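The values are calculated or read from the model by the stated rules, or taken from the named source; none is laboratory data. All figures in this text were calculated on a predicted structure; none of them were measured in a lab. For neighbour counting, all protein chains shown are included, and Cβ atoms are generated from backbone atoms with ideal geometry for every residue, glycine included. The protein model used for the area step is the full one, side chains on, heavy atoms only, and it has no ligands, DNA or RNA in it. Shrake-Rupley method; radii C 1.70, N 1.55, O 1.52, S 1.80 Å.
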Amino acid sequence: STESTESSNHTPTLSICIPCYNAAAYLPVVLEALLPQTKECADSVEVLIVDDCSTDNTADVVELARELGFFRFIRNPANLGMSRNIAGAITQHANGEFVWVMSQHNLLTQGGLATILESMRKNPSADAFQINFRCANYPSQWPASAPGGYDGAYDYLCRADMDSHWVDRWEGFLDPSSAVCTQTYSHII
């Protein structure tokens, strides 16, 4: 793969990895919501966009987003497929103490990143974090713009009963009525 900037020796608290493929329709708004929040905590967070050899103008969209904040852009020389692209983003490119794999169509809420980092600071012995999320319909609820985060319309909250609490084992997250444990982007490991 090729990277557009050099890696740093600094170990951030959190690597946010966005594996993508043909994401030009989504990434402008995703990055508009995320990158302004990362500017406020640049020493604690790195953002990596790992393009799986897209055939659309994903690379052009990513380049235009550079004005919003710092990130590393990695383009695979050949399409690896979704699972290998996600695994490669984590094992080959992420430098963080924790890794969060975001989807190419996840929008961070306003102040969401600060909330996550604060939870991480308050719980230094935690091995993983699970994030609740809202589900919006595309395209009817997809915003044209989301500067600094999206707090707009959505269909439902994945786990309306979820609150901040400690679990000793990962099984404590399981709930037969919810898909929250199957959503990769709801976990920071």
Taking K and R as +1 and D and E as -1, what net charge do the other residues with C-beta under 12 Å from the C-beta of L107 add up to? -1
Add +1 for every Lys or Arg and -1 for every Asp or Glu among the other residues with Cβ under 11 Å from the Cβ of A89, and state the total. 0
Efficiency of FRET from Cβ geometry, E118 and S140, R₀ 30 Å, rounded to 0.05: 0.40
Calculated from backbone phi, Karplus (6.51, -1.76, 1.60) coupling profile of the stretch 72-85 in Hz, x at Gly/Pro: 9, 10, 10, 10, 5, x, 9, 5, 9, x, 4, 4, 5, 5
For E67 and D127 in one chain, what is 0.36 nm times their gap in residues minus the Cα-Cα distance, to one decimal in nm? 18.3 nm
With every protein chain in place, the accessible area of T184 for a 1.4 Å probe, in Å² rounded to the nearest 10, comes to 80
The relative contact order of the stretch 1-96, taking Cα pairs under 8 Å that sit 6 or more residues apart, comes to a percentage of 42
Once amide H atoms are placed 1.01 Å from N in the peptide plane, what residues at a sequence separation of 5 or more from V99, or on another chain, have their amide H within under 5 Å of its amide H? S15, I189
How do 106-113, 59-66, 83-90, 118-125 rank on mean C-beta neighbours within 10 Å, highest first? 106-113, 83-90, 59-66, 118-125
